[in-house]
Amino acid sequence: MLAFGNPEEELGVEFEVEEFVLGRGTGDQSYVMRTLAPRFVAKVYSDKNARANVGQNSSSNSSSNSSSNSSENTKKNETRISDVVWWDAEPSAKEIDDLLSKALVSVLEIEKQQKNEIKQKVRDALILAEERFDIERHNFRDIGERLEAQAEELAVIAEEQQLNIQKRIEAENALRLSEERLHVQVSELIDSEERMATQAQEMVWLAEDLQAAEQKMKFLANHDALTLLPSRRLCLKYLKDILAEDRTAGEKTAVFFIDLDGFKAINDTLGHEAGDAILVGVADRIRAILAPEDMAARIGGDEFIILLKEVTSRDGVKELAETLIEQLNVPFVLDDTEARVGASIGIAFSLDDGTTPEQLLNCADQSMYAIKKKGKNNFGFFSDL
């Protein structure tokens, strides 16, 4: 129908349209079109089963010739337009026909685009299926062709011998057997797909296990397997990189050489498992007092190294050494048994005591042995020897 009025009141929506617009409406197959001049709103329905007559809806406002053309076009495309609302000046018959034709073309374009999208999705799915199951697909297709040929031959026999009931029964049985064989092939294809999926998942798990094992091997190549601290090789590499960096005035690297006091007695009395537990506990306590940019390493037995990257004062290093000795003197509890160790620590500074990793470790080691001779469980600087 055609009616004059305000579309905002009629349809309950607001419009700010500068040109012709077509979009989906609230129905499954309905569209809404709007224009500015003449100001006009219409609902367009795409109905596959109904054949509406637009000419009857718009005959009161358009010429008989234009109404006839719109009606024929609508029948051809099975699309109709209704619920038209006009406002301001009544448009001419030609303007009505132009707008309705433009709406029909737009609706058909939208439907055509949707159909093309669906067809494209189907094509993509078929291509993917063919790539994944190429061998099974070819086998399946060959069997289908053979069965189809057999079915066609049987159909010819049935048509030629319509009065021969026995032959028709045989043909039907052959077709049924072909269908059964076809179902068997489909089931085998599904089973093959499931087996392939299972094998693919197993390969993924195996790849993950191999990757984890590779990462673990790389880690253990540069770390101590018991305490998970960096190894001597990784520690020396890190120290070499630190010494190669440009430093501001006053910044140095401090090297701690740590040897545990009383550790051999624990191994001898409580066993190696207790000794290993002590070493892990010592590593944890060392980690807890270091900054993120510093490094601790186990270089063998009960010997550890600490690298302090950016040292600006000797007092700060002294304070850290005192804290470390204090933490290591706290008893370790092993199965309700307390075990105590101490630490003798030798300290060397870059530039002052050496310029290479080997020189600094040697100086720190000499300082540690000096502490051992003086009574253990203390720290000292190489420059004080």
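Using Stokes-Einstein with the Kirkwood hydrodynamic radius over Cα pairs, what translational diffusion coefficient do you get for segment 232-384 at 10 °C and a viscosity of 1.306 mPa s, in µm²/s rounded to a whole number? Don't skip to the answer; put the middle values down first.
Working: Rh = 15.8 Å.
Translational D for this selection: 101 µm²/s.
Could you go through segment 250-257 in sequence order and give the Karplus-derived ³J(HN,Hα) for each residue, using 6.51 cos²θ - 1.76 cosθ + 1.60 with θ = phi - 60°, rounded to whole Hz, and x for Gly and Pro?
So the Karplus estimates, Gly and Pro as x, are x, 8, 9, 10, 9, 10, 9, 10 Hz.
Show the residues, 5+ positions off or on another chain, whose built amide H is closer than 5 Å to the amide H of His223.
The answer is Ser231.
Could you list Asp261, Asp241 so that the one with the fewest beta carbons within 10 Å of its beta carbon is first and the one with the most is last? Mind showing how you got there, number by number?
Details: Asp261 21, Asp241 11.
Neighbour counts put them in this order, fewest first: Asp241, Asp261.
So, counting K/R as plus one and D/E as minus one, what does the shell of residues with Cβ under 11 Å around Asp365 add up to?
Working: positive: Lys372; negative: Asp259, Glu303, Glu358.
Once positives and negatives cancel, what remains is -2.
Just want the answer: with Cβ charges of +1 for Lys and Arg and -1 for Asp and Glu, which residue in Phe256, Ala244, Asn222 is farthest toward the dipole's positive end in segment 195-269?
Ala244
Quick one: Phe219, Phe257, fewest Cβ neighbours within 10 Å first, how do they rank?
Numbers: Phe219 11, Phe257 27.
Lowest count first: Phe219, Phe257.
Counting other beta carbons within 10 Å of each residue's own, what order do Lys309, Lys115 fall into, fewest first? Working shown, then result.
Numbers: Lys309 19, Lys115 10.
Exposure proxy ranking, most exposed first: Lys115, Lys309.
In 10 Å bins starting at zero, report the fraction of Cα pairs in segment 212-270 per bin as a rounded %.
17, 31, 29, 19, 4, 0
Report ³J(HN,Hα) in whole Hz for each residue of segment 223-238, in order, from the Karplus equation J = 6.51 cos²θ - 1.76 cosθ + 1.60 where θ = phi - 60°; Gly and Pro get x.
Here the 3J(HN,Hα) series is 9, 6, 5, 7, 8, 6, 7, x, 7, 4, 4, 5, 5, 5, 5, 5 Hz.
Work out from phi, with θ = phi - 60° and the Karplus expression 6.51 cos²θ - 1.76 cosθ + 1.60, the ³J(HN,Hα) of each residue of segment 170-178, listed in order in whole Hz, and give x for Gly and Pro.
For segment 170-178, the Karplus curve yields 4, 5, 5, 5, 5, 5, 5, 5, 5 Hz.
Taking H placed 1.01 Å from N in the peptide plane, check which residues at least 5 places from Phe379 or on another chain put their amide H under 5 Å from its amide H.
Residues meeting the amide H criterion: Ile345.
Values in this text are rule-based calculations from the coordinates and carry no lab data. The structure displayed is predicted, hence computed values, not measured ones. Neighbour counts run over all protein chains shown; Cβ positions are idealised from the backbone, glycine included.
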